[in-house]
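This is the structure I have questions about; it appears just below.
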Amino acid sequence: MIPFPRRFETLPHARQWLMLALFSAAFAALLDLASIPAAVFLGPMAAGVVLGVKGATIRVARVPYIGAQALMGLFIASAITPSILQSFAKEWPIILGVVFSIIVASSLLGWAMSRWRAMPGTTSIWGSWPGAAGAMVIMAGEFGADARLVAFMQYFRVACVASLASVVATFWAHSTGVPHPDIAWFPAMDERPFAVTLMLAGICAIVGRATHFPSGAMLLALVAGSALNLAGLVHIELPKWLMAVTYALLGWNVGLCFTPDILAHAFRALPKIVLSVALLIAFSAVLAWLLTETLGIDALTAYLATSPGGMDSVAIIAASTNVDVPFVMALQTIRFLIIIMIGPPLARLVARHMEVSGRYG
């Protein structure tokens, strides 16, 4: 049995990595048993937080981190299907109206968090935006926000939204709940598409790093992967074990940067974060009600489509219930892509008008 050290900075790096791996596996298993979304990210991040607060000196190297960004971009690209584009083409005015309403509401809540001085700089803006939480954490860190606090805000909201959405799905769909899917970690796969996927990720990582653009590897992989996937030129093959490694690298990169001071700040801001999450969920529910009243969309489809959680957790719930999955994923995907495009300039605009840099130092 490995004794638990009081401080980790005194341990050799190999011992620190071993402890990190063991804690990550244990936390991820517990979260998975509790059916918590993104357990393979949250578990390693939680392990990183424990070691970071205890003074660990290990860090994720830049090269594997950029590679993880590229794989994350391809993973999101694989979810953009022709059915999503068809649904968007059919209902684009409504989808864009709902998407921009949610973005404006979340931006106002982020602005309010800054005014309340709950979070420093543009951290509150990135933490309040709905989308793919992992991507938001990556981009926030690349654009100068505190990725640790952004991760805390994003995944706290994802946990709340996913739990509530599961309850709503159970109530409205008269089911016994969202089934917990069996995960095939090492499925049979076609070696050629897998090799092409790795090659594409490598090219995007190299080019993205060379451009020195924040989150360049992830954004390039997202754009290139989506175009090639929709054109039928590339089949993106990302087995579960590879994505588990990817999420672990991203989670460790965030968690290991936590310190006792930053963790204390997050908990001091918790009441305001809870209020912000509750207001955004309530606003999204109002939008869902408007969709049901104006378009005749069933209530569960409308609720999941406007839900401000992560795309992965919403996709799992949608696929497990009798809803219009293409419409749900069209709205979720378009919202994420718009935030990806307007996020950096909008964050800078908010920071400039509020003089956040001067206020927080």
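Quick one: which residue in Ile316, Ile338 is modelled with pLDDT of 75 or more and either out of contact with any Ser or Thr (no Cβ under 6 Å at 6 or more places or on another chain) or hydroxyl-bearing (Ser, Thr, Tyr) (or both)?
From the options Ile316, Ile338, the qualifying one is Ile338.
Is there a residue being modelled with pLDDT under 85, in a helix (DSSP H, G or I) and not basic (Lys, Arg) anywhere in segment 24-32? Walk me through how you get there before you give the answer.
From segment 24-32, those modelled with pLDDT under 85 are 31-32; that's our starting set.
Then keep just the ones that are in a helix (DSSP H, G or I); that gives 31-32.
From what is left, the residues that are not basic (Lys, Arg) are 31-32.
The answer is yes, given that some residue of segment 24-32 is modelled with pLDDT under 85, in a helix (DSSP H, G or I) and not basic (Lys, Arg).
Right, next: Looking at Thr292, Thr321, which one is among the hydroxyl-bearing types (Ser, Thr, Tyr), modelled with pLDDT of 85 or more and either touching a strand residue (DSSP E or B) at 6+ places or on another chain (Cβ under 6 Å) or farther than 28 Å from Gly73 by Cβ (or both)?
Thr292
Let me ask something else. Of all residues in segment 104-129, which are surrounded by 20 or more Cβ atoms within 10 Å (Cβ to Cβ) and not in a helix (DSSP H, G or I)?
The answer is Ala118, Met119, Gly121, Thr122, Trp129.
Can you report the number of residues in segment 279-301 which are on the phi > 0 side of the Ramachandran plot and touching a helix residue (DSSP H, G or I) at 6+ places or on another chain (Cβ under 7 Å)?
0
Looking only at segment 275-290, decide whether some residue is closer than 24 Å to Ala28 by Cβ and in contact with a Lys or Arg (Cβ under 6 Å, 6 or more places away or on another chain). Walk me through how you get there before you give the answer.
Within segment 275-290, the first condition is being closer than 24 Å to Ala28 by Cβ, and the residues that meet it are 277.
Remaining after also requiring in contact with a Lys or Arg (Cβ under 6 Å, 6 or more places away or on another chain): 277.
Within segment 275-290, one or more residues are closer than 24 Å to Ala28 by Cβ and in contact with a Lys or Arg (Cβ under 6 Å, 6 or more places away or on another chain).
Name the single residue, out of those in segment 169-194 being assigned to a helix (DSSP H, G or I) and at pLDDT 70 or above, that is farthest from Ala244 (Cα to Cα). Talk me through it step by step, then tell me what you get.
Step one: filter segment 169-194 for residues assigned to a helix (DSSP H, G or I), giving 169-173, 191-194.
Narrowing the set further to residues that are at pLDDT 70 or above leaves 191-194.
Working: Glu191: 19, Arg192: 21, Pro193: 19, Phe194: 16 Å.
Filtering first and then ranking leaves Arg192.
Still on this structure, I have one more. Which condition does Ala227 not pass, out of (1) under 21 Å from Phe336 (Cβ atoms); (2) part of a loop (DSSP other than H, G, I, E, B); (3) without any contact (Cβ under 8 Å) to a residue 60 or more places away in the chain, if it passes all the others?
Going through the list (1) under 21 Å from Phe336 (Cβ atoms); (2) part of a loop (DSSP other than H, G, I, E, B); (3) without any contact (Cβ under 8 Å) to a residue 60 or more places away in the chain, Ala227 breaks only (2).
Right, here's the next one. Across segment 49-78, what is the total count of residues that are of a type in the set (S, T, N, Q) and either free of Cβ contacts under 8 Å to residues at least 40 places away in the same chain or crowded, with 19+ Cβ neighbours inside 10 Å (or both)?
First, the residues of segment 49-78 that are of a type in the set (S, T, N, Q): 57, 69, 78.
From the residues that got through so far, the ones that are either free of Cβ contacts under 8 Å to residues at least 40 places away in the same chain or crowded, with 19+ Cβ neighbours inside 10 Å (or both) too are 69.
Of the residues in segment 49-78, 1 are of a type in the set (S, T, N, Q) and either free of Cβ contacts under 8 Å to residues at least 40 places away in the same chain or crowded, with 19+ Cβ neighbours inside 10 Å (or both).
I would also like to ask the following. Taking the stated definitions as given, is Val49 under 30 Å from Ala282 (Cα atoms) and assigned to a helix (DSSP H, G or I)?
Spelling it out, it is not the case that Val49 is under 30 Å from Ala282 (Cα atoms) and assigned to a helix (DSSP H, G or I).
Let me ask something else. Please verify whether Ala210 is over 17 Å from Val245 (Cα atoms) and modelled with pLDDT of 90 or more, treating the condition exactly as stated.
Numbers: over 17 Å from Val245 (Cα atoms): yes; modelled with pLDDT of 90 or more: no.
Taking the combined requirement at face value, the residue does not satisfy it.
When the residues of segment 130-147 are narrowed to those that are at pLDDT 75 or above and assigned to a helix (DSSP H, G or I), which ends up surrounded by the most Cβ atoms within 10 Å (Cβ to Cβ)?
Ala140
Let's see how each residue does on (1) farther than 29 Å from Phe75 by Cα; (2) touching a Cys at 6+ places or on another chain (Cβ under 7 Å); (3) surrounded by fewer than 17 Cβ atoms within 10 Å (Cβ to Cβ):
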site	(1), (2), (3)
Gly216	no, no, no
Leu220	no, yes, no
Asp261	yes, no, yes
Leu287	no, no, no
Gly309	no, no, no
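Right, something else. How about segment 241-259: which of its residues are surrounded by fewer than 15 Cβ atoms within 10 Å (Cβ to Cβ) and either within 16 Å of Ile76 (Cβ to Cβ) or polar (S, T, N, Q) (or both)?
Thr259 - this is the single residue of segment 241-259 that is surrounded by fewer than 15 Cβ atoms within 10 Å (Cβ to Cβ) and either within 16 Å of Ile76 (Cβ to Cβ) or polar (S, T, N, Q) (or both).
Under 7 Å between Cβ atoms, at least 6 apart or on separate chains: pull out the pairs that start in segment 140-156 with a residue that is farther than 16 Å from Ala264 by Cα and touching a residue at least 60 places away in the same chain (Cβ under 8 Å) and end on any residue that is polar (S, T, N, Q) and outside any helix (DSSP H, G or I).
Note: pairs meeting the criteria are Glu142/Ser215; Ala145/Thr122.
Filter segment 256-268 down to residues that are touching a Lys or Arg at 6+ places or on another chain (Cβ under 8 Å) and part of a helix (DSSP H, G or I) and give me whichever is modelled with the highest pLDDT.
Per the criteria, the residue is Ala266.
The values are calculated or read from the model by the stated rules, or taken from the named source; none is laboratory data. Since the structure is predicted, the reported quantities are computational estimates derived from the model, not experimental observations. A quick note on method: Cβ atoms are made from the backbone with ideal geometry, for glycine too, and the neighbour counts reach across all protein chains shown.
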